[in-house]
Amino acid sequence: VTEAPNLDETHDPARRSFVEAANLTDAAFPIQNLPLAVFSTEADPNPRIGVAIGDQVFDLKKVSKENERFAQPIRFALRETSLNSLFSLGRVALREVRRIAADLLDQGRSGNQVRRHALDLLTPMDSCAYHLPTKVGNYTDFYAGIYHARAAGALLTPENPLPANYKWVPIAYHGRASSVQVGQGAVRRPLGQRPPAAPATPPSFGPCERLDFELEMGFYLAGGNPLGKPIPIAKASQEIVGFTLLNDWSARDIQRWEMYPHGPFLSKSFATSVAPWVVTADALAPFRVPALTRPEGDPRPLDYLFDAADQAHGGLDVHLQVQLATAQMRAANEPAVEILTSNAKYLYWTPAQMVAHHTINGCNLQAGDLIGTGTISGPSPGELSSMLEFTSAGSTPVALPNGEQRGFLQDGDEVAFHGGCSRQGYATIGFGSCVGRIEAADVSSVGRAV
Ligand code: CA
């Protein structure tokens, strides 16, 4: 593993917070993490910006109001109800916020003021509501997980599992921004056209019968680029402010029927979930790894996608986990069961390559835009990161401990993504969770047609 870049005192593993829960071994939110979210409380229902510390949310809006350490542009950005303005100030501003927040939450003397006003500035995480971190102007979903592309391709297009362009082009499609939601509530099963049962027969219509998740990471952008001006690969990582867990809910039957020749549409646009927390690129610095080593014979990326520093540090070592809890399991008070794990290091293209590619035609990215990496499957069977893949399109259902089986998701199923990073010599950090519970399709608007 190469030496991680951009480390400073905020990564010091010896650092402790006066919030005791932040100091527990393997806490998701130690003082070295400090992910951002937009939250509200019962007492104050106005959405505002905070950071996670231990089991608490630290109110950055309140604390920045009268704190001279926050420069004026940052103070203004922290008054907003979304992170767009803060992200538009770029990585330097975020590093400043991180540094100040760490000082204010420190166990030492610098934390005294916040400690004295803890009741006012800290709220138990469990009692907060969370809102979308940014007003997502644009959402793009890549297809950068090569193990997923191969496994899904083998099921959908066995004659050509990996498209000929895959190792040259970071493939993506433009997703729907309006249906991006914080992963903590219900996801409605979509209605749509399902493929004909036999050739030359009409499609059927009704609730999706092959509802699936896709385990991905998402990332948010800083100021972006003006229209017509690409972001060079060497500068691309500076445009990525933070990472999150992302679930690209997918209606496989609708997708199979609609996607040729123009790509997925209604099979994806009904919902995309993100975790409430944005783990900053700075918090992730110790967990950067080299880009995936390309097997012998794979082409070297074209120059506009190749940067030595990105090859050395552009990958992400984030352990990912998917849990499932059915309605029957919850009724019996049985815990959610882990159905698969994976790791972001399996991505064939780095986030910086995705940004460079996205803008090479002059397309303008904007502050707060969201990019999905694509499903992150790994090389082993326990790392196939959608039901499509790990149940072979439903033909080998997963057996749950209570005797239930799942080929695809049923109503009442709750899917939870978790993510975390650990590395010798550094504090372990977590991404929180991205959760969705499947609700029955709403057939009221289409009446007897279903
Ligand atoms: Ca996807």
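The values are calculated or read from the model by the stated rules, or taken from the named source; none is laboratory data. These numbers were taken from a predicted model, which means no experiment stands behind them. Here Cβ is always computed from backbone atoms with ideal geometry, including for glycine, and neighbour counts include all displayed protein chains.
When the residues of the stretch 385-397 are filtered to those that are more than 28 Å from Val136 (Cβ to Cβ) and either touching a residue at least 60 places away in the same chain (Cβ under 8 Å) or buried (at least 24 other Cβ atoms within 10 Å of the Cβ) (or both), which remaining residue is nearest to the ligand (Cβ to nearest atom)?
Residue satisfying both the conditions and the ranking: Ala393.
Give the residue, chosen from Arg115, Arg95, Arg99, Arg48, that is at negative phi, basic (Lys, Arg) and free of Cβ contacts under 8 Å to residues at least 40 places away in the same chain.
Every option except Arg48 fails the conditions.
Step by step: first the residues of the stretch 152-179, then only those that are surrounded by fewer than 20 Cβ atoms within 10 Å (Cβ to Cβ), among the small types (Gly, Ala, Ser) and part of a loop (DSSP other than H, G, I, E, B), then the one that is farthest from the ligand (Cβ to nearest atom). Which residue is that?
Ala164
Here's a check for you: in the stretch 10-43, which residue that is acidic (Asp, Glu) and at pLDDT 95 or above is nearest to Val182 (Cα to Cα)?
Restricting to residues being acidic (Asp, Glu) and at pLDDT 95 or above, the top hit is Glu20.
Which one of the conditions (1) of a type outside the set (D, E, K, R); (2) touching a helix residue (DSSP H, G or I) at 6+ places or on another chain (Cβ under 8 Å); (3) away from the ligand (no atom under 16 Å from the Cβ); (4) over 23 Å from Ala28 (Cα atoms) does Ser380 fail to meet, given that it meets all the rest?
(2)
Only one of (1) within 25 Å of Trp168 (Cβ to Cβ); (2) within 16 Å of the ligand (Cβ to nearest atom); (3) part of a loop (DSSP other than H, G, I, E, B) fails for Leu409. Which number is that?
Tallying (1) within 25 Å of Trp168 (Cβ to Cβ); (2) within 16 Å of the ligand (Cβ to nearest atom); (3) part of a loop (DSSP other than H, G, I, E, B), Leu409 fails exactly one: (1).
What are the residues in the stretch 188-207 that are part of a loop (DSSP other than H, G, I, E, B) and either away from the ligand (no atom under 16 Å from the Cβ) or surrounded by fewer than 14 Cβ atoms within 10 Å (Cβ to Cβ) (or both), if any?
Hits for the stretch 188-207 are Arg189, Pro195, Pro196, Ala197, Ala198, Pro199, Ala200, Thr201, Pro202, Pro203.
Of all residues in the stretch 358-377 being more than 16 Å from the ligand (Cβ to nearest atom) and touching a helix residue (DSSP H, G or I) at 6+ places or on another chain (Cβ under 7 Å), which is farthest from Met217 (Cα to Cα)?
Result: Ile360.
Could you pull out the residue among Met217, Met259 that is hydrophobic (A, V, I, L, M, F, W, C), surrounded by fewer than 24 Cβ atoms within 10 Å (Cβ to Cβ) and within 16 Å of the ligand (Cβ to nearest atom)?
On inspection, the qualifying residue turns out to be Met259.
Are any residues in the stretch 107-151 closer than 28 Å to Leu89 by Cα and in a strand (DSSP E or B), and if so, which ones?
Listed by number, the residues that qualify are Leu122, Thr123, Ala129, Tyr130, His131, Tyr139, Thr140, Asp141, Phe142.
So which of Ala331, Ala336, Ala327 ends up being surrounded by fewer than 19 Cβ atoms within 10 Å (Cβ to Cβ), over 23 Å from Phe87 (Cα atoms), free of Cβ contacts under 8 Å to residues at least 12 places away in the same chain and not acidic (Asp, Glu)?
Every option except Ala331 fails the conditions.
Looking only at residues in the stretch 102-112 that are in contact (Cβ under 8 Å) with a residue 60 or more places away in the chain and crowded, with 18+ Cβ neighbours inside 10 Å, which one is nearest to the chain's Cα centre (by Cα)?
My answer is Ala102.
Take the stretch 266-289 and flag every residue that is farther than 21 Å from Arg98 by Cβ and either more than 13 Å from the ligand (Cβ to nearest atom) or surrounded by 23 or more Cβ atoms within 10 Å (Cβ to Cβ) (or both).
Leu266, Ser267, Lys268, Phe270, Thr272, Ser273, Val289 - these are the residues of the stretch 266-289 that are farther than 21 Å from Arg98 by Cβ and either more than 13 Å from the ligand (Cβ to nearest atom) or surrounded by 23 or more Cβ atoms within 10 Å (Cβ to Cβ) (or both).
Closer than 18 Å to Tyr220 by Cα, of a type in the set (D, E, K, R) and either touching a residue at least 24 places away in the same chain (Cβ under 8 Å) or within 16 Å of the ligand (Cβ to nearest atom) (or both), is that true of Asp298?
For Asp298, the condition - closer than 18 Å to Tyr220 by Cα, of a type in the set (D, E, K, R) and either touching a residue at least 24 places away in the same chain (Cβ under 8 Å) or within 16 Å of the ligand (Cβ to nearest atom) (or both) - is not met.
Hey, among Gly145, Gly185, Gly223, which residue is within 16 Å of the ligand (Cβ to nearest atom) and either under 28 Å from Ala37 (Cβ atoms) or of a type in the set (D, E, K, R) (or both)?
One residue alone meets the criteria, Gly145.
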